[in-house]
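**Student:** Here's a structure for you.
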Amino acid sequence: PMQRRHTSKQRFVADLSQCLFDFVIQLLPTTEELAVKEDVRKLLERLIRTLEPESRLLSFGSTANGFSLRNSDMDLCCLIDSKERLAATDLVTMLGDLLERETKFHVKPLPHARIPIVKLSLDPSPGLPLGIACDIGFENRLALENTRLLMCYAMIDPTRVRTMVLFLKVWSKRRKINSPYKGTLSSYGYVLLVIYFLVHVKNPPVLPNLQQMPPLRPISPEDTLLGGYNTWFFDDIDLLRQRWHSDNTETVAELLIDFFRYYSRDFLYNTGVASIRAGLLKKESKGWQNDLSSGRFNDARERNRLCIEDPFELDYNVARCVTKDGLYTIRGEFMRATRVLASRPDRAIVALAELCE
Ligand code: CTP
Ligand code: MG
């Protein structure tokens, strides 16, 4: 009986890996969608240049990091190379007016938001059956760099990393735990949890730590400092592929099962900070501890229930929107996923369907 149980587990895991690949592949954006999005970017760039001739409009987030799903939003960042430039607030208002006049987009400028942005959306059309949603921000160079870091991690082990990340994005959206505005975690937060797990929890690791690898040549701080933050990481992925290889041979399914188990049971939510740069840190050492003694700090306490350090902006808790209830729900979902996968229904496809129900 031991023997039989063992082989049935192995069969389940192999099936599940195959199902995960198949599931994720059908959710990837079509080449047509990518081409339309690139056209939209170019069109918007041309319009912005009528206001700021020295500007560039760059993609970040999922459209640029290799983790994009069909119909995901476009995150765009406008960089202005000239010294004398309009203030972001004015630019947002002016760009809002311009796009309203010149394009078919629905336009919503938010000049007074914490980070001023213009929100755009386009109604569905034959080429774009679900329309487009797009945010344009300004001078967010750190977001461009963290996008590049995630893209490099995706490139090191595309099959395992991308399959896990894409699956978790779909799963967290279907289970309604991917809404920072409602107290749960952003996609960016889930991606960091996956990378943290693959770099620091798995032994042997599936990914190296790109921020701690020895650089090829001495780094000059002025090249890598951005707004006071060190953004250096090892980004020569071709070379890395020759020099580094993972001794971890687990399949995507095994890694995913272990991921859910780790975040249901083992991660130290009360005291720990997940840092892809430095491994497990203590909330105390970052001043992010829960202060349970005083009602006055209610607000701060609510902000640091779940702690994920941004890879570059070290004083920024990416999970600070996660509330007590939100974390309870997220952990409940990790536990549910662990349970569904441990029950090993006859066919892996049934497990996947139940998981994303
Ligand atoms: N970002 C950030 N800090 C956050 C959230 C997001 O810096 N707290 C930046 C990151 O550069 C991230 C990008 O915004 O890559 C987009 O974040 P998000 O929309 O959460 O991730 P996507 O990969 O774009 O996922 P989705 O497809 O769900 O939009
Ligand atoms: Mg996005």
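**Student:** Shape of segment 168-279 from its Cα gyration tensor (a ≥ b ≥ c, root eigenvalues): rounded if a/c is under 1.5, otherwise prolate when a/b > b/c, or oblate? Each step should come with its number before you reach the end.
**Tutor:** On the way: a/c = 2.12, a/b = 1.37, b/c = 1.54.
It is oblate, given that a/c is not under 1.5 and a/b is not larger than b/c.
**Student:** Which lysines, if any, have their Cα less than 18 Å from the Cα of LYS324, not counting same-chain residues under 8 positions apart?
**Tutor:** LYS176, LYS182, LYS283
**Student:** Calculate what fraction, in whole %, of the accessible area of the chain sits on carbon and sulfur atoms when a 1.4 Å probe is rolled over the protein chains.
**Tutor:** Working: 9570 of 18600 Å².
Using a 1.4 Å probe with all protein chains present, the chain comes out at 51 percent carbon and sulfur.
**Student:** Right, here's the next one. Using the Karplus equation 6.51 cos²θ - 1.76 cosθ + 1.60 (θ = phi - 60°), what ³J(HN,Hα) coupling, rounded to whole Hz, does each residue of segment 197-205 give in order, writing x for Gly and Pro?
**Tutor:** Residue by residue, segment 197-205 yields 5, 6, 8, 10, 9, 5, 9, x, x Hz.
**Student:** Further question: Within segment 1-90, list the GluC sites (Glu not before Pro) lying in a DSSP loop whose Cβ has at most 10 other Cβ atoms in a 10 Å radius. Don't skip to the end; give the middle numbers.
**Tutor:** Values: sites: GLU32, GLU33, GLU38, GLU45, GLU54, GLU84; in loops: GLU54, GLU84.
Those satisfying the criteria are GLU84.
**Student:** Using +1 on the beta carbon of Lys and Arg, -1 on that of Asp and Glu, and nothing else charged, what's the dipole of segment 31-143 about the Cα centre, debye to 20? Walk me through the numbers on the way to the answer.
**Tutor:** Values: 15 positive and 18 negative charges, 23 e Å.
Result for segment 31-143 is approximately 120 debye, rounded to the nearest 20.
**Student:** Work out from phi, with θ = phi - 60° and the Karplus expression 6.51 cos²θ - 1.76 cosθ + 1.60, the ³J(HN,Hα) of each residue of segment 150-155, listed in order in whole Hz, and give x for Gly and Pro.
**Tutor:** 5, 4, 5, 4, 5, 6
**Student:** While we're here: If each DSSP helix of 4+ residues adds -39,500 (n - 2.57) and the sum is divided by the residues in the chain, what number results at 222 nm, nearest 500 deg cm²/dmol? It would help to have the intermediate numbers written out before the result.
**Tutor:** Details: 14 runs with 161 residues, N = 357.
After summing the helix terms and dividing by the residues of the chain, the value is -14000 deg cm²/dmol.
**Student:** Quote the accessible area belonging to ARG162 in square angstrom, nearest 10, computed with a 1.4 Å probe and with ligands, DNA and RNA left uncounted.
**Tutor:** Result for ARG162: roughly 80 Å² accessible.
**Student:** May I pose another question? If you place +1 on the Cβ of every Lys and Arg, -1 on the Cβ of every Asp and Glu, and leave all else neutral, what size is the dipole of the chain about its Cα centre, to the nearest 20 Debye?
**Tutor:** Details: 49 positive and 45 negative charges, 299 e Å.
Computed charge dipole of the chain: roughly 1440 debye.
**Student:** Could you identify which residue out of LYS182, LYS202, LYS83 has the top mean-square fluctuation in a GNM of the chain using Cα springs shorter than 10 Å?
**Tutor:** LYS83
**Student:** With every protein chain present, what accessible area does CYS356 have (1.4 Å probe, heavy atoms only), rounded to the nearest 10 Å²?
**Tutor:** The value for CYS356 is about 10 Å².
**Student:** Mean separation of Cα pairs under 8 Å and 6+ residues apart, divided by the residue count of the chain: what relative contact order is that in percent? Display every interim value, and only then the final one.
**Tutor:** Numbers: 502 pairs, mean separation 58.6, N = 357.
So the answer I get is 16 percent.
**Student:** Spelling out what I want: for every residue of segment 329-338, take phi, set θ = phi - 60°, compute 6.51 cos²θ - 1.76 cosθ + 1.60 (Karplus), and round to whole Hz; glycine and proline get x.
**Tutor:** Ordered by residue, 3J(HN,Hα) equals 5, 4, 5, x, 5, 4, 5, 4, 4, 4 Hz.
**Student:** Once both axes come from the Cα atoms, what is the angle between helix 2-25 and the longest principal axis of the chain, in degrees from 0 to 90, rounded to 10?
**Tutor:** With both axes taken from Cα atoms, the answer is about 10 degrees.
The values are calculated or read from the model by the stated rules, or taken from the named source; none is laboratory data. Small disclaimer: the values here were computed from a predicted structure and weren't measured. A quick note on method: Cβ atoms are made from the backbone with ideal geometry, for glycine too, and the neighbour counts reach across all protein chains shown. Each accessible area value is taken on the protein alone, full model and side chains, heavy atoms only, with ligands, DNA and RNA left out. Shrake-Rupley method; radii C 1.70, N 1.55, O 1.52, S 1.80 Å.
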